[in-house]
Amino acid sequence: LHIDGTLNAEEITTEEAAGSDARHHTYGFFGENRHFIDCIKNNVEPETHFADAVKTMELADRIYAGQM
């Protein structure tokens, strides 16, 4: 069910979504890797980083322990 209430869907291929038929674009993490490399080159903090991962793991631990 879509936001407009219809069941119509548009199907696209992986290649169409990636804008490329190159395997490293369609099967893998090309965009994430490109972002990470660009951040290193430009001395910028990536969108996702270990501080976020720590918060996520702490939350998962609390949920697992039944504290939430």
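The values are calculated or read from the model by the stated rules, or taken from the named source; none is laboratory data. Because the structure is a prediction, the values reported are computed rather than measured. No Cβ is skipped: glycine too gets one built from the backbone with ideal geometry, and neighbour counts run over all protein chains shown.
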### Query
Which one is surrounded by the most Cβ atoms within 10 Å (Cβ to Cβ) among residues in the range 5-43 that are among the hydroxyl-bearing types (S, T, Y) and part of a loop (DSSP other than H, G, I, E, B)?
S20
### Task
Inspect all residues belonging to the range 53-67 and state whether any of them is among the β-branched types (V, I, T), on the phi < 0 side of the Ramachandran plot and not in a helix (DSSP H, G or I).
no
### Message
List the residue pairs whose Cβ atoms are under 8 Å apart, where the first residue sits in the range 28-43 and is at pLDDT 90 or above, the second is assigned to a loop (DSSP other than H, G, I, E, B) and surrounded by 11 or more Cβ atoms within 10 Å (Cβ to Cβ), and the two are 6 or more positions apart or on different chains.
### Response
H35/P46; F36/P46; C39/P46
### Query
Restricted to the range 1-21, and to residues that are in contact with a helix residue (DSSP H, G or I) (Cβ under 9 Å, 6 or more places away or on another chain) and of a type in the set (G, A, S), which residue is nearest to G31 (Cα to Cα)?
A18
### Task
Consider only pairs whose beta carbons are under 7 Å apart and that are at least six residues apart or on different chains; among these, list those whose first residue lies in the range 6-22 and is over 17 Å from R34 (Cα atoms) and whose second residue is modelled with pLDDT of 85 or more and not in a helix (DSSP H, G or I).
E15/D21
